[in-house]
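> Mind having a look at this structure? Questions to follow.
The values are calculated or read from the model by the stated rules, or taken from the named source; none is laboratory data. A quick note: this is a predicted structure, and the numbers were derived from the prediction, not measured. Positions of Cβ are generated from backbone atoms using ideal geometry, with glycine treated the same way; all protein chains shown enter the neighbour counts. The accessibility values were calculated without ligands, DNA or RNA, using every heavy atom of the protein model including side chains. Shrake-Rupley method; radii C 1.70, N 1.55, O 1.52, S 1.80 Å.
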There are 4 protein chains.
Amino acid sequence: VPEVHPNLRDAAQSPGGEALGRLVFETLDVDEAARRCSVVFTATPHEVSAEVVPRLLDAGVEVVADLSPAHRLRDPGEHARCYPRVPRDDALATLAIYGLPELTRDRLAEARLIAVPGCFATAVTLAMLPLRELHGVLWDRITVDAKTGSSGSGNAVRAHGMHALRSTVVSPYAPVAHRHGPEIVQSLRDHGVTSPSRPPRLAMSAYGVNAVRGLSVSVYLFVEGEVDGANLRSAFRRTYRHEPFVRVQAGASAVIPLPDPKVVIGSNFCDVAAFADPDLGHIVLIAALDNMVKGGAGQAVQACNVRYGLPEDMGLDALPLFPA
Amino acid sequence: VPEVHPNLRDAAQSPGGEALGRLVFETLDVDEAARRCSVVFTATPHEVSAEVVPRLLDAGVEVVADLSPAHRLRDPGEHARCYPRVPRDDALATLAIYGLPELTRDRLAEARLIAVPGCFATAVTLAMLPLRELHGVLWDRITVDAKTGSSGSGNAVRAHGMHALRSTVVSPYAPVAHRHGPEIVQSLRDHGVTSPSRPPRLAMSAYGVNAVRGLSVSVYLFVEGEVDGANLRSAFRRTYRHEPFVRVQAGASAVIPLPDPKVVIGSNFCDVAAFADPDLGHIVLIAALDNMVKGGAGQAVQACNVRYGLPEDMGLDALPLFPA
Amino acid sequence: VPEVHPNLRDAAQSPGGEALGRLVFETLDVDEAARRCSVVFTATPHEVSAEVVPRLLDAGVEVVADLSPAHRLRDPGEHARCYPRVPRDDALATLAIYGLPELTRDRLAEARLIAVPGCFATAVTLAMLPLRELHGVLWDRITVDAKTGSSGSGNAVRAHGMHALRSTVVSPYAPVAHRHGPEIVQSLRDHGVTSPSRPPRLAMSAYGVNAVRGLSVSVYLFVEGEVDGANLRSAFRRTYRHEPFVRVQAGASAVIPLPDPKVVIGSNFCDVAAFADPDLGHIVLIAALDNMVKGGAGQAVQACNVRYGLPEDMGLDALPLFPA
Amino acid sequence: VPEVHPNLRDAAQSPGGEALGRLVFETLDVDEAARRCSVVFTATPHEVSAEVVPRLLDAGVEVVADLSPAHRLRDPGEHARCYPRVPRDDALATLAIYGLPELTRDRLAEARLIAVPGCFATAVTLAMLPLRELHGVLWDRITVDAKTGSSGSGNAVRAHGMHALRSTVVSPYAPVAHRHGPEIVQSLRDHGVTSPSRPPRLAMSAYGVNAVRGLSVSVYLFVEGEVDGANLRSAFRRTYRHEPFVRVQAGASAVIPLPDPKVVIGSNFCDVAAFADPDLGHIVLIAALDNMVKGGAGQAVQACNVRYGLPEDMGLDALPLFPA
């Protein structure tokens, strides 16, 4: 383990120890897992998840929270288009509950399979959720500009990922057709954010920037008629008033006043803000999160806390490490 | 000088020397400048430019290339709105030629005052210029997402500019109403990029990212009817075929295939690329440049080369420093 | 609070809340502090600590853990030389226990005032402690090369700390006479690391590098006679076998095999390693830690845990955030 | 070419063009090279240089400047120990002139083979050269701490070189036995820097830091008897008074007062400074340069300029790019 996770040296090596040595690493044995665990989190490549998730459920694991995209898209056609090399059980995908508690809290209590959202999809969906209350948005003209650190690319070793080539870039790695687009559209429709009469069209471009952790998304929208900035901002406050992990940034005087991955690193927070330009009939929504916490493992834990009626921030009370 | 520009130590200290010691630093004396110089470049704050540029021209300097925004916007109302604290000579602004050679090459030969474009405005305008040839673009739905390194903020000393706070950010510092917007719209109209019947509306958001030099802009557009990607790409190739400083990126196999400030640093290049998503009726235009060269001093030199019929790349033949 | 600590937004604003909102911020009232607290941590500038620490103790606070250097150096002359503008109570400094548990664990149980060590001093002392067991070290020829991120400079706003000037540097900011030198020498003598007959002479140079958190120190030593590498390494293993927060790196195959601040960020670990070059009679000791945890607040907590017989890692069980 | 050097796009593609398109890329043909070139620069891996350099000289090329270490070490035993997999022509190595003009300017006029120095070796040797004039230095107690950006590791694709793992590190990659050590010692001896009666012993440790270009070295020395700081500094001024590429930093008020790779990037400068601590009998020498210019290709050009009596800064008059 320390070869890949040098931070876990000693933590990993003394499984019987206390506190800092409490992590135990074992090879997956599906039956053994079913015997010992109510919940299994699968943070595996989607092709592995597609194969192992059904086996875990069949073996009797009560809940599987799958961090891969294998079971996120219900529509088999969309899935095949986005992940062509990953056949998966379409019926299972239909049963999966999307693990974004701010969106699906009510349905998680009965979940057997939780499809943990993608990192960009989490940020974009949380940025757009308060628009449920707004009128006049042109749902067929949504633009998303997504910016991520290098940890978002996984740990494959590639020439263009080397430090000398990847430092200080603004690198457009997916100018069109990012795979999180359909995932977002599915959520917007499911939850009545967009108008049923006007199917959403969302164009998303993704960029690599010079950071390791963290991502930021900007959602750009046009509105027919007047844009009411005060109404927009109060929709955000109302939507997230009781959410423990979504912080609405008011842009008040501070060294970092607006959503920035810099101030959420290591935590399960997603920071959001909304701006309106009345002259242009334009709305700007910004969300920032740590792709490895609220955009990954943290969100999976949060969803399982909800699933079992545990305090939603159990195991998730780490404050952002700042400055880092 | 070395206190502010430590790289110029020795170069600045030996004014009589050769090669590396050839820079001479003097306090500005308008009459002396007029006696000795045909061209004066003013890289001064806009309030200083507004005051000194008329004096230089009155004193007989043949050409002034002003890097400040003092004389960029012809419309007095727009100028007052964007730069409220800078009264300037509106008549002079009317005479100024916008110093973007790819746009105004024909008119520069007669210029007395060259208004050197803003860094973002240069990139966005070069990204959009080839659209002159396209039909169906929704000119009232333009979105610009602009990402810049810290040198773009100038050298004022501020808490949120400190390294510990400014590193690894994605910092939305101007989510709406960036001052380069009207400058871009003026150029698009002047040069027939946008349709006269449909006045452009351009929404621009600007972000600080973890780099010192360089910027990248993305322009997002919607199209009525079919988007023809091949036609779009050939419009780019046609527009820039003979331009020495605009490189159309084809996305071919390379470690950095698309426009990225990383590969233009230290040079006068602006790299551009265009993408179409036919399913969404969406166009993505990306441009990257060094904000201190093609987005500043280099462009000023290029414009003056054109002004005097000199080789356009005289003094500008530095290749990008890579990797840096 | 969020103006200065944007990561604590909401956490700071809801003092009565649960978990994420459990932080309470108040202005210091010495008597009130004495009424409510057994322990007070003072993370104040040294001139403030010099003034407030005696008042806290007089008011009846049982233990003060002072993170400033006000009470670290027992010798009044050394203190006056290193911190000339900070008069402090020399008697108090004599009573203070140096809060480096790996060194002073036995004495902390009776501490009323804990002088929490400097960040570099912690790393250098932990790197040198195992040398107690070695013979032949030339104690008058110690060289320390210390490398730190920008958070080590505090949060004063200064021109040379701006991102554009501070990024990608290797900046020698204290080539000679760093103030942590005497603190280290005091510890080496107190704990019998160096030979009593040969007073240590330690030359220390400090550099800023392009990171926010974390520091690394290298200690270079010469040895008379043979250097026994195996003996050196086993001295490290023996010294730190039971220490929860010092990890001896064996250089085994891993992506980051040796002490690097990168793999301790956010944790209270200090990673150490030792190398011998027999041909040159030379020893290299390397230590890395997070300057804000084991080099600051974390160490203060650890020392107080020891003071009260609590589990030493209480409140300190955060694993390093990696990659960050 | 643009696949590996994306900055050269277009510059490489239009070999017949002017200025920006003046680079021509061809496969090496030794006979053709001999026909057309007086000088050939070989920037090849050492095993390639060892094979191709003799062939180029045999074919009649007047001067070969080899950037690899194949011919740097005259002593066959040292070479075999440092570069065990590279047999080379020892006689050729004996004839090679070390291409550090500040050291070997007088001998370069007759060079047929120029062994261009290593990047660290250049910096360390330039830092130490003025010590020729000093007495009492303990030549058997030299310590070098070398810090480099990621470009110093070449372009091999490796897991620990990935951006997520290589960013913000202070990574000790060669704590002992760096291969530039013997190269430095050879130069110190050849040029009478160290005392003939006391053979130098130099211990060198190398670290990767979070930068792409540039390196910094610190040389730590002890002195018997008094250290005279004024004398030390004037030795530096005297040694480099007429050197076009070595700048002695006086530490005067400036945003970056001391040698820092940050202020030499893109140039052929090496910045140096010296400090003495009389209390400790200690000397600190610091040198910074761009590993790809003064530590590589720039130095090769400089040496060839000297070889042919050309202006020494021909082709090397680029000022440092700052801030970058």
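> What's the total accessible area buried between chains B and D, using a 1.4 Å probe, rounded to the nearest 100 Å²?
Roughly 3400 Å² of accessible surface disappears when B and D pair.
> If the only charges are +1 at each Lys and Arg Cβ and -1 at each Asp and Glu Cβ, what is the size of the charge dipole of region B:82-165 around the Cα centre, to the nearest 20 debye?
Working: 9 positive and 8 negative charges, 56 e Å.
I would put it at about 280 debye.
> Now a separate question. May I ask for the angle, rounded to the nearest 10°, between helix B:180-190 and the longest principal axis of chain B, with both axes built from Cα atoms and the value confined to 0 to 90°?
Taking Cα atoms only, the helix is inclined about 70 degrees.
> I would also like to ask the following. Output the 0 to 90 degree angle, nearest 10, between the alpha-carbon long axis of helix A:119-128 and the longest principal axis computed from the alpha carbons of chain A.
Rounded to the nearest ten degrees, it is 30.
> While we're looking at this one, here's another question. Keeping the other protein chains in place, figure out the carbon and sulfur percent of the accessible area of the protein assembly as shown, with a 1.4 Å probe.
52
> Sticking with this structure for a sec: Hand me the trypsin sites (Lys or Arg not before Pro) from region D:214-261 located in a DSSP loop with no more than 13 other Cβ atoms within 10 Å, in residue order please.
Within region D:214-261, the qualifying trypsin sites (Lys or Arg not before Pro) (loop, at most 13 other Cβ atoms within 10 Å) are D:241.
> Also: Would you mind checking the tilt of helix C:46-58 against the longest principal axis of the Cα atoms of chain C, expressed as 0 to 90 degrees and rounded to 10?
So the helix axis and the longest Cα principal axis differ by about 60 degrees.
> Let me ask you something else. Across the residues of C:238-245, average count of Cβ atoms on other protein chains within 10 Å? Working shown, then result.
Working: counts 0, 0, 0, 0, 0, 0, 6, 2.
Mean number of neighbouring Cβ atoms from other chains: 1.
> Dipole of region D:197-255 (Lys/Arg Cβ +1, Asp/Glu Cβ -1, origin at the Cα centre): which of D:242, D:203, D:221 lies farthest to the positive side?
The residue sitting farthest along the positive end of the dipole is D:242.
> Sticking with this structure for a sec: For peptide A:259-271, what's the mean number of Cβ atoms from other chains within 10 Å of each residue's Cβ?
Taking all residues of A:259-271 together, the mean is 5.
> Please name which of B:130, B:44, B:169 has its Cα lying farthest along the dipole of region B:27-183 towards the positive end, using unit charges on Cβ (Lys, Arg +1; Asp, Glu -1) and the Cα centre as origin.
B:169
> Follow-up question, since we're still on this one. Report, for residue C:59, each distance to the same residue's label point in the other copies, shortest first and in nm; define the point 7 Å along Cα→Cβ.
5.9, 6.4, 8.4
> Per DSSP H run of at least 4 residues, take -39500 (n - 2.57); add these up for chain D, divide by its residues and hand me the 222 nm value, nearest 500 deg cm²/dmol.
Mean residue ellipticity at 222 nm (helix-derived): -7500 deg cm²/dmol.
> A follow-up question, please. Tally Lys/Arg at +1 and Asp/Glu at -1 over every other residue whose Cβ is under 12 Å from the Cβ of residue D:97; what's the total?
After counting each charged neighbour, the total is +2.
> Can you order the peptides B:39-49, B:145-155 by their average number of other Cβ atoms within 10 Å per residue, highest first?
Top to bottom by mean Cβ count within 10 Å: B:145-155, B:39-49.
> May I ask you to report, in nm to one decimal and beginning with the shortest, the distances from residue A:174 to the same position in the other copies, taking label points 7 Å along Cα-to-Cβ?
Those separations, rounded to one decimal, come out as 2.9, 4.0, 4.6 nm.
> Given the Cα-Cα distance of residue B:62 and residue B:4 and 0.36 nm per residue of separation, how much length would full extension add, in nm?
17.9 nm
> Hey, if you drop one equal point scatterer on each alpha-carbon of chain A and run the Debye formula without solvent, what base-10 log of I(q)/I(0) do you get at q = 0.08 Å⁻¹?
-0.38
> What average number of partner chain Cβ atoms lie no more than 10 Å from the Cβ of the residues making up A:64-76? Kindly include the intermediate steps, with their values, before the conclusion.
Numbers: counts 0, 0, 0, 0, 0, 0, 0, 0, 0, 0, 0, 0, 0.
Average per residue, whole number: 0.
> Right, next: Explain nothing, just the number: dipole magnitude of the protein assembly as shown about its Cα centre with +1 on each Lys and Arg Cβ and -1 on each Asp and Glu Cβ, in debye rounded to the nearest 20. Please report the intermediate quantities before stating the final value.
Values: 124 positive and 144 negative charges, 1 e Å.
Roughly 0 debye for the protein assembly as shown.
> Scan region B:174-227 for GluC sites (Glu not before Pro) in coil per DSSP, keeping those whose Cβ has at most 14 other Cβ atoms within 10 Å, and list them by number.
Passing both the DSSP loop test and the Cβ count: B:224, B:226.
> Same structure again: So which trypsin sites (Lys or Arg not before Pro) in region B:45-97 pass both tests, a DSSP loop state and at most 13 other Cβ atoms within 10 Å of the Cβ?
Passing sites in region B:45-97 are B:85.
> Between the chain alone and the structure with every protein chain in place, find the residues of region A:170-193 that drop at least 40 Å² of accessible area; heavy atoms, 1.4 Å probe.
Checking the loss per residue gives A:170, A:172, A:175, A:176.
> Report, in listed order, any pair from A:147/C:147; A:262/C:147; B:294/C:262; A:262/B:294; B:262/C:262; A:147/D:147 with a Cα-Cα distance greater than 28 Å.
A:147/C:147; B:294/C:262; A:262/B:294; A:147/D:147
> Can you give the charge dipole size of chain C about its Cα centre, rounded to the nearest 20 debye, using +1 on the beta carbon of Lys and Arg and -1 on the beta carbon of Asp and Glu? Write down the numbers at each step before the final one.
Numbers: 31 positive and 36 negative charges, 90 e Å.
Charge dipole of chain C: 440 debye, to the nearest 20.
> Based on the Cβ-Cβ distance of residue D:31 and residue D:155, what FRET efficiency does E = 1/(1 + (r/R0)^6) give at R0 = 35 Å, to the nearest 0.05? Spell out each step's value before the answer.
Working: r = 29 Å, r/R0 = 0.83.
Efficiency computed from Cβ-Cβ geometry: 0.75.
> Could you go through region D:22-32 in sequence order and give the Karplus-derived ³J(HN,Hα) for each residue, using 6.51 cos²θ - 1.76 cosθ + 1.60 with θ = phi - 60°, rounded to whole Hz, and x for Gly and Pro?
My calculation for region D:22-32 gives 8, 7, 10, 10, 9, 6, 5, 10, 4, 5, 4 Hz in order.
> So the label point sits 7 Å from Cα along the Cα-to-Cβ vector; using that for residue A:317, what distances do you get to the other copies, in nanometres, sorted shortest first?
Distances between equivalent label points, in nm: 1.2, 6.8, 6.8.
> What FRET efficiency would be calculated for the residue pair residue C:195, residue C:55, taking the C-beta separation as r and a Förster radius of 51 Å, to the nearest 0.05? Numbers along the way, then the final one.
Working: r = 41 Å, r/R0 = 0.80.
Approximately 0.80, to the nearest 0.05.
> Ignoring ligands, DNA and RNA, what accessible area per residue does chain C give at 1.4 Å, in Å²?
For chain C, the per-residue accessible area is 38 Å².
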